[in-house]
1. Mind checking the dipole of the stretch 133-275: about its Cα centre, +1 per Lys or Arg Cβ, -1 per Asp or Glu Cβ, Debye to the nearest 20?
2. For Val372, Val144, Val168, what's the largest-to-smallest order of accessible area, 1.4 Å probe?
3. Any chance you could run the full-extension gain for Asp349 through Lys46? It's 0.36 nm times the residue separation minus the Cα-Cα distance, nm to one decimal.
4. Given contacts defined as C-alpha pairs under 8 Å and at least six residues apart, what's the relative contact order of the stretch 118-180, whole-number percent?
5. Taking a cut-off of 17 Å, what percent of all Cα-Cα pairs in the stretch 107-176 are separated by more than that?
6. What Kirkwood hydrodynamic radius, in Å, does the stretch 107-238 give when the mean of 1/r is taken over all pairs of distinct Cα atoms and then inverted?
7. In debye to the nearest 20, how big a dipole does the chain give about its Cα centre with +1 on each Lys and Arg Cβ and -1 on each Asp and Glu Cβ?
8. What FRET efficiency comes out for the pair Lys93/Ile146, r = Cβ-Cβ distance, R0 = 51 Å, nearest 0.05?
Amino acid sequence: MMNFSHIVKKTLIATFTATLALAVQAQDFGATLDNNSKIKKQEKSKYLLNQQNTASVWALLPGDNTGNSYMALQGSFKYKYDDFDVKHLGDKKEETQILDVDLWKYNYIAKYAHGVSSTVSLGRFSMVDSTGIIFSQNCDGGLVKIESPRVHCSVYGGYTGWQNAHNVTILNKAGSKFSYRKNRTYDLASSYAIGGLSLSFPYLLCNQTIGLEGYAFIGTNGKNSDNTDYNRYYGTLILNGPITKDLFYLATSTLGTEDAPDLNNLSQLYLTYFLNFYDATLEAHSIYASGENGSLKPFKGFTSNTATYSSLEPEYTGLLKSGISVSIKPTQKLLLSGGSDIIFICPKDKTEYHGTQAYGNLLYQIFTDVKVSGFIAHFWGKDPTPDAIQATLKATISF
């Protein structure tokens with residue numbers, strides 16, 4: 001009898017082959033080649049090298065002549081090379097080959113009178129919650145959005161257990177036995193059922209927008225994990241709008257729970273000022289993720305998100321990060337950005353200085369189909385947290 005892993009493998013190959021076949025038949029299709037080279041050094045330790053080469057093919061198939069209905073597809077093959085001691089290249093290495101269907105999405109838009117519209121999306125596509133920290137990944141499911149001039153509403157349902165664990169990192173419960181085989185091109189991610197609801201009231205008062213969002217992540221029993229009875233719930237309040245003509249703000253505050261009535265908190269504030277030259281912006285931001293602070297419990301998101309450029313790569317929990325960033329576009333082909341943050345940790349009621357980081361990014365569009373980017377970051381940690389530095393060079397060619 002064919003086991004489940006063989007079924008998944010055959011399904012994946014069939015889906016990827018179908019994606020290629022549809023791409024060839026589509027009116028709008030293409031491919032990209034991507035090179036990503038990253039080197040990282042932790043103070044008084046070894047240099048680490050991460051090399052990724054990705055080939056992707058994509059297609060857009062219109063369902064009608066209005067553009068209101070379409071199917072979007074993308075498949076990719078990625079080769080990853082990790083070397084854990086560049087000074088002795090090849091002695092401690094890890095090579096991985098990853099095959100994935102990154103996008104398989106049907107989209108339908110209907111427009112009605114009085115500025116009302118609805119959108120239905122089905123399949124595999126990227127989802128991001130209003131914080132950008134709790135839930136940010138590809139997922140299989142469906143999204144329904146209804147928008148009018150006075151209210152926006154959306155409902156989402158999805159499942160993570162069919163995703164490729166190589167490309168999706170989910171935070172599981174402490175002591176989780178989840179594991180996947182890195183020597184396979186495709187292995188299943190940790191399994192959860194997801195439900196989401198979002199309400200937004202644009203320009204409700206003095207051009208200010210108020211939003212409410214809720215997400216539930218219900219653990220299920222999957223092939224590589226048993227998350228039964230491990231559930232997480234989040235409710236978020238979102239406020240955003242203009243302060244002056246050129247100054248805008250975004251504020252979110254989330255209450256989450258794994259074990260009611262215990263609550264955790266994630267709060268963010270962004271102030272963005274749009275300058276009048278070279279599309280420049282100046283931003284100040286602050287992010288708080290609770291530890292065991294008073295009545296609050298440690299915050300824990302759903303998708304893994306690194307909070308700092310420290311070699312420890314901490315998640316958003318028990319910390320406060322504040323900083324500034326700037327971006328500027330001197331020419332139509334060049335975008336420069338950078339910033340700096342100061343980080344405090346608060347795993348308990350005591351708050352301590354943890355470190356400071358600075359980072360910079362360059363994106364240059366050489367030709368219409370060729371672009372390169374560079375990124376560098378330095379983290380200065382308070383002892384015993386070590387300093388760390390990393391640099392990334394990326395090049396993309398589109399066909």
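The values are calculated or read from the model by the stated rules, or taken from the named source; none is laboratory data. Given the structure is predicted, the values throughout are model-derived calculations rather than measurements. Note: ideal-geometry Cβ built from the backbone for every residue, glycine included; neighbour counts use all protein chains shown. The protein model used for the area step is the full one, side chains on, heavy atoms only, and it has no ligands, DNA or RNA in it. Shrake-Rupley method; radii C 1.70, N 1.55, O 1.52, S 1.80 Å.
1. Numbers: 10 positive and 10 negative charges, 78 e Å.
Once rounded to the nearest 20, the dipole reads 380 debye.
2. Working: Val372 45, Val144 65, Val168 15 Å².
My answer, sorted largest first, is Val144, Val372, Val168.
3. Numbers: separation 303, 0.36 × 303 = 109.08 nm, distance 3.47 nm.
Gain on stretching Asp349 to Lys46: 105.6 nm.
4. On the way: 79 pairs, mean separation 16.3, N = 63.
Computed over the stretch 118-180, the figure is 26 percent.
5. On the way: 1308 of 2415 pairs.
The calculated P(r) of the stretch 107-176 puts 54 percent of pairs beyond 17 Å.
6. Computed over Cα pairs of the stretch 107-238, the Kirkwood hydrodynamic radius comes out at 16.3 Å.
7. Details: 35 positive and 34 negative charges, 114 e Å.
That gives the chain a dipole magnitude of about 540 debye.
8. On the way: r = 51 Å, r/R0 = 1.00.
E(calc), rounded to 0.05, equals 0.50.
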